[in-house]
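The values are calculated or read from the model by the stated rules, or taken from the named source; none is laboratory data. If you're wondering where the values come from, they're calculated on a predicted model, not measured in any experiment. Cβ placement follows ideal geometry from the backbone for every residue including glycine, while neighbour counts extend to all protein chains displayed.
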Amino acid sequence: MPDLTPITPLGGSSLRTDTIGAISIAEADDWALASVAARAGQLEDTLTRARKLTGLDLPGPGGLVAGGDWRAWWMAPEAWMLATPLSASEDIVAAVKPALGDAASITEQTDAWARFDITAPVGFLERLCNVDPARVTPGTATRTVMEHMGVVVLRHGDQAFSVLGVRSSAGSLHHALLTAARAVA
Amino acid sequence: MSGYRLQGGQIDRTRTLPFRFDGRSHSGHPGDTLASALLANGVRLMGRSFKYHRPRGVLTAGSEEPNALVTLRSGARAEPNTRATVAELFDGLEATSQNRWPSLAFDAMGVNDWLAPFLSAGFYYKTFMWPAAFWERVYEPIIRRAAGLGALSGQDDPDDYDKGFLHCDLLVIGAGPAGLSAALTAGRAGARVILADEDFRMGGRLNAESFALGEMRGAEWAAQAVAELASLDNVRLMPRTTVIGAFDHGVYGAVERVADHLPIPPEGKPRQILWRITTARTLLCAGATERPVAFADNDRPGIMLAGAMRAYANRWAVAPGKRVALFVNNDDGLRTAQDLAAQGVRVSAIIDSRPYAPDPGIPGARHLPGALVIGSAGRLGLDTITVRTAQGREFRIDADALGVSGGWNPNVHLTCHQRGRPVWDDALAAFVPGADLPGGMAVAGAAAGVFSTHGALQSGHAAAARALEDLGRSAPAPTLPQAEDTPIDLRPLWHVPGKGRAWLDFQNDVTVKDIKLAHQENFRSVEHMKRYTTLGMATDQGKTSNLPALAIMAELTGKTIAETGTTIFRPPYTPVSLGVLAGRARGKDFKPTRLTPTHHWAKARGAVFVEAGLWLRAQYFPRPGETHWRETVDREVLAVRAAVGLCDVTTLGKIDIQGRDAAEFVNRVYANGFAKLAVGRVRYGLMLREDGFLMDDGTTARLAEDHFVMTTTTANAGPVYRHLEFARQCLWPGLDVQLISTTDAWAQIAVAGPRSRTLLQRVVDPGHDISNAAFPFMACAEITICGGLRARLFRISFSGELAYEIAVPARYGHALMERLMEKGADLGVTPYGTEALGVLRIEKGHATANELNGQTTARDLGMGRMVSDKKDSIGAVLSRREGMNREDGLHLVGLRALNTGSRLAAGSHLLERGADAVAANDLGWVTSACWSPHLEAPIALAFLKSGAARMGETVRAVNLLSGQDTAVEIVSPHFIDPEGERLRA
């Protein structure tokens, strides 16, 4: 273990949670992330190997799947994000690359993103991004924009979401989420 | 009847709301608008007109109001040009009249009215021609002071505004009988419906008329329909919401006034929300606007539209006057007289321009078929009207209120937002929506020219049923109540001929005479007429004036109205505050901010930050006792040259490039060769645009046969990534390459200076040899540090010193910086910011965005030979164009001030000694300049014509803005270590 102490996306030594009315917004940093992009002509092999590693079928556009220690969501044509607990796989590339071999290109993305786990009615999203609540059902991953910031919105359950944005803008994203929560709460 | 308040109405009499108008206290009730409350308090005079400062009262009861514009609230919340007819009354409301001095009743600028013969249409264009120097300095301020409406407070708006996004199957615009009927049909069928209405009470004209729907009053039926809709989960009711525009692909803009009816918005809540509504189908049920008839002095307070009179009497229980007359060309006179009489208001006369008009038999009311109103009188308000009968007899009638109706215009505005043209309907004497509607839109009810209540209910249902069918749903059977179905009986009457000024556009003070003048001066097309007279160009977009004016133009030109045509409408439907367009994007929230992984560390050390795109970067780190930024920067620069410095360089773009063809891909996007770059090595790359000019530069490391990490300049991280994606997806889809940004994933710190290796050796884990022999200049490796943390080490140098960049997962950047500071204390480790970074690279002659400004080439930078002719790459061919390879082309050179006390500024232009400072003598320009603490002289980088051949010569750097004229010696741009011995040490 390195003898350095990490900081959270918002720059603190501990994670921050805000509760506004029925809405809760929790900074989260417990996922290791890796992008998986199938190499040319290797789509089937990538799907097979990913299934063997994670037990999941990598989803189609807009899809989010979860099971065991793994989550996977669609990011781009033939490209996905894999998430697994950071505590178990600090070096996620080391865990994924042997399984995927040369079928896919794997890139560490753990610290590229800031994540906020949100408990809120789906209407909360109305003030933030142009998504249709009827289509962003549980089990979807949506790439969209909030206040000029590119984000991924994962809907895990009825009132359970994660919003991921670039880590360097964690403060601005957090501010946007809090402002919207205060406006609708 | 005591006062003006009647019985009934849709106001809550159990509560009284005090309010003030021009400092005087009044009271009203919940449900009132400011206009209805003022009328109830006997206030008719509400404003002064734009140009002639004529006294004006309320003309309408809705958002089309041209006259009753007031400033609502005070202080920073003061909002000018608010229509009193839609301002919802609240406790303590404060309103002031506009465009008058010293008071509304006595307005000194009313002198303009006497000068009216000189102030006709085109007056400005003809009068203020000469001298041209007076246009902006003299004439414009005078005109702006004399003409106009309200004034802004000049203070920051203290309230918040939101933006939001909604999605539905059917958007119904307008909640009158057609809209309610449509929403019921679609809502009961289970479709996702949004019903938006600009009013705070849904129901439209049902609230303003006395008709029965089945067994109920119209307003009761509307309330019941709204209650049913509110109970449906799939229906969203949006009162106080104006749909302002129809945009592409079924997107509509709407402004919801969330808190305008409250004294101040609740904490954290927005005042208004700008919604972007995406819908599959849209039904426009926006109703119709009544139009006036122009006659002499028809703008006197007390003269209003007949339909507005009914609205005030029925909905707000307000009598428009004590002796009311009506002047109409359709059955509205009859309706209004009946409604007023039923409420106990005395109706003195019904002047109906139709000779055949039937007598409604209102007791005490004179019925004058075939007659016309030809004038009005009264100071600050109506006292009498002058009537001319069918037989030509003229006489006065006492009336303190006159209701006028010239018929109704369907509200076609939103049908025009994508260039749709309304078509003339002779039977209705009105323009109705044309066939070319915005995609997915249909129109029902009065907006479609279906004016009866039954017609509105029926057409709303039918249009909703068609929309449901399009969406694959079936409509429930209609349950329409019995309602009036009176046919239109109207005889067109646009203006009453005669002397005196007859007003068309009340808000912009345009009269019938102005239209005649436009015709006389050959501004005859409707577009020309509009611009010449300013008709319809006020905030009301001519809702009450456009048609009468173009009907008069049609008369003058001898054409039909259909031939004359109409102007069309643009968004927004009604005025929108700039605040709601800006939303939350104000002040520091205008754009997101990006912070480096060591931001909080730098902030704690007192760093001064500078914006670099969205990023905040540490510019310099002042120490106690340092009094000038230059003092700090000089110290930081010298520390790097003599010991070791640390700088967060995370902001440089990092692009992860993988795939079997990654090497080929990199080789094609860079102008210099990359195919043979060995694993574990880094190379400086020049990237060209397709046109051969420089796009970006940076270093790219090869971590594995099939894995590269490219760095870009901070500013170009996004554009380069986009460029690579374009090349990957469009230019060479056959290559096996995958790209992803890792800019944010890794914290990257430059460790620069002769002691950098020593410092790094203290944190690198045993087993990784970073000696000069094992890890030479331009080496890279994946290593571990601090007891097992993954890191990437690059031996690259921007400063010209022995230097490295070390990258760790971003969350550890802060801790690594602290550790390096701690471990390097005895080595003199010094954090440095972008200012010192800039000085270091200028001293070394390294280019940045100042030199790569989009107008320069590799050759200009002295790197022409890096553009390989042994391979093809983006931009290589066009970089060989003759014009880009001229002998006398620009060369990057160094400049050194001859007098070390002089100043050199970027942006200065280079001139020969003795040459005049004019563009013809321009030799080039200074791109970057600084004080070099190493050379103890002002130095600069510059592009100079034939610069390479002029070493040692002297030219002048001239900056006319700051008055600098500095003699400089032309030198090599590499001020420091031109042989590169330091960085290989």
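Observations, loosely collected:
- Counting only strands (runs of 3 or more DSSP E) that sit completely within region B:235-340, those holding 2 or more residues that are more than 14 Å from chain A (Cβ to nearest Cβ) and farther than 22 Å from B:LEU457 by Cβ correspond to B:241-247, B:251-257, B:303-305, B:323-328.
- Matching residues in region B:163-203 - criterion: being touching a residue at least 60 places away in the same chain (Cβ under 8 Å) and within 14 Å of chain A (Cβ to nearest Cβ): B:LYS163, B:GLY164, B:PHE165, B:LEU166, B:HIS167, B:CYS168, B:ASP169, B:LEU170, B:LEU171, B:GLY190, B:ALA191, B:ILE194
- Condition check for B:PRO80: part of a strand (DSSP E or B), over 29 Å from the mean Cα position of the chain (by Cα) and touching a residue at least 60 places away in the same chain (Cβ under 8 Å): no
- Residues that are farther than 15 Å from B:ILE874 by Cβ and assigned to a loop (DSSP other than H, G, I, E, B) within region B:659-674 comprise B:GLY659, B:ARG660, B:ASP661, listed in sequence order.
- Within region A:37-58, one or more residues are farther than 30 Å from B:LEU735 by Cβ and either touching a residue at least 12 places away in the same chain (Cβ under 8 Å) or in a loop (DSSP other than H, G, I, E, B) (or both).
- Of the criteria (1) away from chain B (no Cβ under 14 Å); (2) surrounded by fewer than 15 Cβ atoms within 10 Å (Cβ to Cβ); (3) touching a residue at least 24 places away in the same chain (Cβ under 8 Å), which one A:ASP69 fails: (3)
- Those residues of region B:708-726 which are buried (at least 19 other Cβ atoms within 10 Å of the Cβ) and under 19 Å from A:ALA76 (Cβ atoms), in sequence order: B:MET710, B:ALA717, B:VAL720, B:TYR721, B:HIS723, B:LEU724
- A:ALA181 being outside any strand (DSSP E or B), surrounded by 18 or more Cβ atoms within 10 Å (Cβ to Cβ) and within 12 Å of chain B (Cβ to nearest Cβ): yes
- Single residue of B:ALA750, B:ALA671 found to be in contact with a strand residue (DSSP E or B) (Cβ under 9 Å, 6 or more places away or on another chain), of a type in the set (A, V, I, L, M), crowded, with 22+ Cβ neighbours inside 10 Å and closer than 24 Å to B:ALA810 by Cβ: B:ALA750
- Here is the figure for region B:588-616: residues that are touching a residue at least 40 places away in the same chain (Cβ under 8 Å) and small (Gly, Ala, Ser) total 4.
- Wholly within region B:694-778, strands (runs of 3 or more DSSP E) carrying at least 3 residues that are under 22 Å from B:LEU789 (Cβ atoms): B:694-704, B:707-712, B:746-752
- Qualifying residue in region B:543-560 (condition: in contact with a helix residue (DSSP H, G or I) (Cβ under 7 Å, 6 or more places away or on another chain), over 30 Å from B:ASP426 (Cα atoms) and not in a helix (DSSP H, G or I)): no
- For A:ASP18: the one exception among (1) in a loop (DSSP other than H, G, I, E, B); (2) more than 10 Å from chain B (Cβ to nearest Cβ); (3) not aliphatic (A, V, I, L, M): (1)
- No other residue among B:ARG586, B:ARG617, B:ARG570 is surrounded by 21 or more Cβ atoms within 10 Å (Cβ to Cβ) and more than 10 Å from chain A (Cβ to nearest Cβ) apart from B:ARG617.
- Matching residues in region B:784-799 - criterion: being under 47 Å from the mean Cα position of the chain (by Cα) and more than 14 Å from chain A (Cβ to nearest Cβ): B:LEU793, B:PHE794, B:ILE796, B:SER797, B:PHE798, B:SER799
- Residue within region A:112-122 that is over 30 Å from B:GLU705 (Cβ atoms), part of a helix (DSSP H, G or I), within 12 Å of another protein chain (Cβ to nearest Cβ) and modelled with pLDDT under 95 present: yes
- Residue in region A:150-171 that is assigned to a helix (DSSP H, G or I), in contact with a helix residue (DSSP H, G or I) (Cβ under 8 Å, 6 or more places away or on another chain), at the interface with chain B (Cβ under 8 Å from one of its Cβ atoms) and closer than 26 Å to B:ILE277 by Cβ present: no
- Residue within region A:47-61 that is touching a Gly at 6+ places or on another chain (Cβ under 6 Å), more than 13 Å from chain B (Cβ to nearest Cβ) and over 27 Å from A:HIS175 (Cα atoms) present: yes
Here is a yes/no grid of residues against (1) at the interface with another protein chain (Cβ under 9 Å from one of its Cβ atoms); (2) touching a Ser or Thr at 6+ places or on another chain (Cβ under 6 Å):
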| site | (1), (2) |
| --- | --- |
| A:THR5 | yes, no |
| A:SER24 | no, yes |
| A:ALA28 | no, no |
| A:ALA38 | yes, yes |
| A:GLN42 | yes, no |
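- Identification of strands (runs of 3 or more DSSP E) wholly contained in region B:868-985 with 3 or more residues that are surrounded by 15 or more Cβ atoms within 10 Å (Cβ to Cβ) and in contact (Cβ under 8 Å) with a residue 60 or more places away in the chain yields B:890-897, B:924-932, B:937-945, B:964-971.
- Test: residue in region B:743-755 that is without any contact (Cβ under 8 Å) to a residue 40 or more places away in the chain and within 18 Å of A:PRO2 (Cβ to Cβ): no
- Scanning region A:163-176 for residues that are in contact (Cβ under 8 Å) with a residue 40 or more places away in the chain and surrounded by 22 or more Cβ atoms within 10 Å (Cβ to Cβ) yields A:VAL163, A:LEU164, A:GLY165, A:VAL166, A:ARG167, A:SER169, A:ALA170, A:LEU173, A:ALA176.
- Residue in region B:878-886 that is within 14 Å of B:ARG689 (Cα to Cα) and among the basic types (Lys, Arg) present: yes
- Restricted to region B:617-658, and to residues there that are in a strand (DSSP E or B) and among the polar types (S, T, N, Q), the residue that is nearest to B:GLY718 (Cα to Cα) is B:GLN658.
- Residue match in region B:524-537 (condition: assigned to a helix (DSSP H, G or I), at pLDDT 95 or above and hydroxyl-bearing (Ser, Thr, Tyr)): no
- For the condition surrounded by fewer than 20 Cβ atoms within 10 Å (Cβ to Cβ) and touching a residue at least 40 places away in the same chain (Cβ under 8 Å), B:GLU563 does not qualify.
- Among (1) surrounded by fewer than 20 Cβ atoms within 10 Å (Cβ to Cβ); (2) under 26 Å from B:THR279 (Cα atoms); (3) away from every other protein chain (no Cβ under 12 Å); (4) of a type outside the set (Val, Ile, Thr), the one test that A:ALA141 misses: (1)
- Test for B:LEU414: is it crowded, with 20+ Cβ neighbours inside 10 Å and not assigned by TED's automatic domain parsing to the domain that holds B:TYR252: no
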